[in-house]
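K.L.:
I have a structure I would like to understand better, so I am pasting it below and will then ask my questions one at a time.
The values are calculated or read from the model by the stated rules, or taken from the named source; none is laboratory data. Here the structure is a predicted model, which is why all the values come from computation and not from measurement. Here the Cβ is made from the backbone with ideal geometry for all residues, glycine too, and neighbour counts use every protein chain on show.
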Amino acid sequence: MPHLSGMGWDYKDQLSSASNGTVTSYYVYDAGGQRVRKVIEKTGGIKEERYYLGNYEVYRKFVGITLETERTTVAVADDK
């Protein structure tokens with residue numbers, strides 16, 4: 001991907017990191033290969049974290065060490 005300056009892969013060939021030079025993202029997976037965590041580090045000490053637990057997601061945004069935003073989301077599907 002030409003817009004990325006670097007990409008890293010884990011031992012299962014799952015994307016573990018990606019960077020464009022100013023923003024770096026890290027990814028963590030469970031034993032079944034589902035993404036369970038995503039961390040984005042931006043310039044200026046901004047860090048965003050997402051935790052995925054089934055249909056439940058926790059989002060946190062930090063500026064330095066200060067928690068600026070925290071949001072929880074539940075995905076609901078109709079299956080029709």
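K.L.:
Looking at the stretch 22-33, can you tell me whether even one residue there is surrounded by 10 or more Cβ atoms within 10 Å (Cβ to Cβ), under 30 Å from Ala77 (Cα atoms), in contact with a strand residue (DSSP E or B) (Cβ under 8 Å, 6 or more places away or on another chain) and of a type outside the set (Ser, Thr, Tyr)?
P.N.:
Yes, there is a match, as at least one residue in the stretch 22-33 is surrounded by 10 or more Cβ atoms within 10 Å (Cβ to Cβ), under 30 Å from Ala77 (Cα atoms), in contact with a strand residue (DSSP E or B) (Cβ under 8 Å, 6 or more places away or on another chain) and of a type outside the set (Ser, Thr, Tyr).
K.L.:
Filter the stretch 52-80 for residues that are at pLDDT 95 or above and of a type in the set (S, T, N, Q); which is farthest from Tyr27 (Cα to Cα)?
P.N.:
Within the stretch 52-80, the match that is farthest from Tyr27 (Cα to Cα) is Thr66.
K.L.:
Return a yes/no flag: does the stretch 55-66 have any residue that is more than 19 Å from Asp10 (Cβ to Cβ) and of a type in the set (S, T, N, Q). Don't jump to the end; show me each part of the working.
P.N.:
Kept after step one, since they are more than 19 Å from Asp10 (Cβ to Cβ), are these residues of the stretch 55-66: 55-66.
If we keep only those that are of a type in the set (S, T, N, Q) as well, we get 55, 66.
Looking through the stretch 55-66, at least one residue is more than 19 Å from Asp10 (Cβ to Cβ) and of a type in the set (S, T, N, Q).
K.L.:
Sticking with this one: May I ask you to list pairs of residues, at least six apart or on different chains, whose Cβ atoms are under 6 Å apart, with the first in the stretch 34-56 being small (Gly, Ala, Ser) and the second being surrounded by fewer than 16 Cβ atoms within 10 Å (Cβ to Cβ) and outside any strand (DSSP E or B)?
P.N.:
Final answer for the pair search is Gly45/Gly64.
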